Amino acid sequence: MGSPDGFGKLLRQYQGLVFGLAWNFLHDEASAEEVAQDVFLELHRTLPSLESDAHVCNWLRRVTVHRCIDYVRRTRRDPRVGLEDAAEPAGQASEPDVFLSGRLRKLVASLPEKPRAVVLLRYQEDLEPAEIAGVLDIPVSTVKSHLQRSLAMLREKLERMQVKV
Amino acid sequence: MNKLDEVLRREFARREPPPGFADRVMKRIPKTRSRTWGIRSWMPAAAAVLIAVLGVGTWEHDRIGRNRARAEKAKSELMWALELTSGKLNATRTRIMRQKGGVL
């Protein structure tokens, strides 16, 4: 895994995971690429200590999410708001699918960092709560609580926007 | 799985980065020699030099030893030859003296 070819192969294999998490978290392409590049540079330095593809994958999820959280806290590009205070875009949806995408993204982007990370790890990476707890180093009960509250908020706000899901 | 789950999975799927991302990452990888590559590169050469030095030294030691042995042999042969010559000379001298009726 430590050879240049090995690293290149891992880069191509996991760039969708890393960039996807960063883009879905930060909702900005330039920021997402900055974070994603830094993650892979750190992977290159750390690679000798990683033992398998599964280990690499788990490591990438953990480091990417933590870097995204640090990036948000450092730059405060999107001020943290409580779940209940997340802004609702104005107007009604006449075609649910057309507006749902943008509204859903904005609602998820408005979540506090940890609940946002939980939602993305659940729906982008299809991880179970126990796996998410391992990545974020938080209790499983906290993961479940974040997930439950985030989904409830999303449903409520989408209903208020009269967007049918 | 409810509809919201489906929508969320579709909306937040993995996303490929812009074109050239991999190249941009690779350009930022430091291109320095690793310490292990440096050590590995000169070890065989150092081993070869050491073997050569030991080989030459051994050969030289043997050569000196052989030369010394030849010298010792030559010396002993010379001494033997000198003794023989000396003995013969003495015998000849004795014969000559007796023929002349002289005193030794």
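Key figures for this structure:
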quantity: Selection within segment A:133-165 - among the β-branched types (Val, Ile, Thr) and either part of a helix (DSSP H, G or I) or within 13 Å of chain B (Cβ to nearest Cβ) (or both); calculated: A:VAL135, A:VAL140, A:THR142, A:VAL143, A:VAL163, A:VAL165
quantity: Residue list for segment B:1-29, filter: modelled with pLDDT of 80 or more and open to solvent by 90 Å² or more (accessible area, probe 1.4 Å); calculated: B:LYS3, B:ARG10, B:ARG14, B:GLU16, B:PRO19, B:ASP23, B:LYS27, B:ARG28
quantity: Within segment A:109-132, considering residues that are open to solvent by 30 Å² or more (accessible area, probe 1.4 Å) and more than 13 Å from chain B (Cβ to nearest Cβ), the one nearest to A:ARG76 (Cα to Cα); calculated: A:LYS114
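Condition check ((1) surrounded by 15 or more Cβ atoms within 10 Å (Cβ to Cβ); (2) among the basic types (Lys, Arg)) across all residues:
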| position | (1), (2) |
| --- | --- |
| A:ALA30 | no, no |
| A:ALA36 | yes, no |
| A:HIS44 | yes, no |
| A:LEU47 | yes, no |
| A:ASP53 | no, no |
| A:TRP59 | yes, no |
| A:VAL63 | yes, no |
| A:CYS68 | yes, no |
| A:ARG74 | no, yes |
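The values are calculated or read from the model by the stated rules, or taken from the named source; none is laboratory data. Quick caveat, the model's predicted, so the values are computed rather than measured. We place every Cβ from the backbone using ideal geometry, glycine too, and count neighbours over all the protein chains shown. Surface accessibility is based on the protein's heavy atoms, side chains included, excluding ligands, DNA and RNA. Shrake-Rupley method; radii C 1.70, N 1.55, O 1.52, S 1.80 Å.
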